[in-house]
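Enquirer: Below you will find the structure I want to go over with you.
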Amino acid sequence: MPQNITAKLRYLRVPPRKARAVADTIRGLPLREAEAQLMISPRRPAVHLLKLLRSALANAVHNKKIEADKLYVKEIKVDEGPRFKRWTPRARGAISMIQKKTSHLTIILEVSDKLPPPKFVIKEKPKKEKKKTKQEAKKETKGKEPKKVIQEIKPVAKEGIFKRIFRRKTI
C-alpha cells in the first residue's frame, strides 16, 4: 500500500485564486523539482507553498523514514478560508465592503520508485562563519605583519533567464 504524507497550512492571507495558480505548477512533480520551481517563482504564494512542501518533507523523513528522492507531489488542494470583511468610505456617505480572502492549503506526497532521475541538484548556501571579537582578532594579529588587501574588479553579470519571465502585473 502506498504511503501518503500530508501537511496543511490554514488561514493563509492569500486569495485562493492566486495560490491555485502557483499550486498548479508543482502538481505531479517529483519533490526536488517542485521545490526548485517554487524557489524560482516570483509569485508571493510560492514562498508559503515552499515552506509547506518542506514541512511535508520533514514529516516524511522524521515520521516515516522515507528518502526525499522517492517522493512526488500526488495532490495539492487550495480551499477557500474565511474572509475578513473591512469597509471603506465612498461618495455621498456610502460605504463599500472589502473582502480580504484567506486560503487553506493541503499537500499530499506519495512514494514512487518509478520517478525519473533529478534534472539538477539544489545546493544550499554555505553557512557564514562567526565574526571574531576584537580581542580574538588582536591575539591572532600580534607579531604578524598586516596583510595587503588587493581588490579585484569583477565583470558585471548579465541578467539571468529568470528575470525575463513575462508578468502582466507587478507582484
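Enquirer: What size of dipole, in debye to the nearest 20, comes out for the stretch 45-109 about its Cα centre when the only charges are +1 on Lys and Arg C-beta atoms and -1 on Asp and Glu C-beta atoms? Please report the intermediate quantities before stating the final value.
Expert: Numbers: 14 positive and 5 negative charges, 93 e Å.
I would put it at about 440 debye.
Enquirer: I'd like the Karplus ³J(HN,Hα) series for the stretch 47-55: coefficients 6.51, -1.76, 1.60, θ = phi - 60°, whole numbers in Hz, and an x wherever there's a Gly or Pro.
Expert: Once rounded to whole Hz, the list reads 4, 6, 5, 5, 5, 5, 4, 5, 5.
Enquirer: Assuming 0.36 nm per residue, please report the length gained on full extension of the stretch Arg92 to Glu110 beyond their Cα-Cα distance.
Expert: Length difference between fully extended and current span is 0.8 nm.
Enquirer: Most exposed first by the Cβ proxy, i.e. fewest other Cβ within 10 Å, how do Lys70, Lys138, Lys128 rank?
Expert: Starting with the residue having the fewest Cβ neighbours, the order is Lys128, Lys138, Lys70.
Enquirer: Expected output is a single nm value to one decimal: the length gained when fully extending between Ala58 and Arg44, i.e. 0.36 nm times separation in residues minus the C-alpha distance. What is it?
Expert: Roughly 2.8 nm would be gained on extension.
Enquirer: Then there's this: Over 23 Å between C-alpha atoms is what I'm after, so list which of Lys18/Lys74; Lys51/Lys125; Lys8/Lys123; Lys77/Lys127 land there.
Expert: Pairs exceeding the cut-off: Lys8/Lys123; Lys77/Lys127.
Enquirer: Write out the GluC sites (Glu not before Pro) in the stretch 65-116 meeting two conditions: DSSP loop, and at most 10 other Cβ atoms within 10 Å of their Cβ.
Expert: Glu67
Enquirer: Once R0 is set to 30 Å, what does the formula 1/(1 + (r/R0)^6) return for the Cβ-Cβ distance between Asn4 and Glu124, expressed as a FRET efficiency to the nearest 0.05?
Expert: My answer for the efficiency is 0.65.
Enquirer: First check a/c for the stretch 37-150, with a ≥ b ≥ c the square roots of the eigenvalues of its C-alpha gyration tensor; if it is under 1.5, answer rounded, and if not, answer prolate when a/b is larger than b/c or oblate otherwise.
Expert: Cα axes put the stretch 37-150 in the oblate bin.
Rule-based calculations on the coordinates, nothing more; no lab input. From a predicted model like this one, the values you see are computed outputs, not experimental measurements. Because the Cβ atoms are built from the backbone with ideal geometry, glycine has one as well, and the counts that use them run over all protein chains shown.
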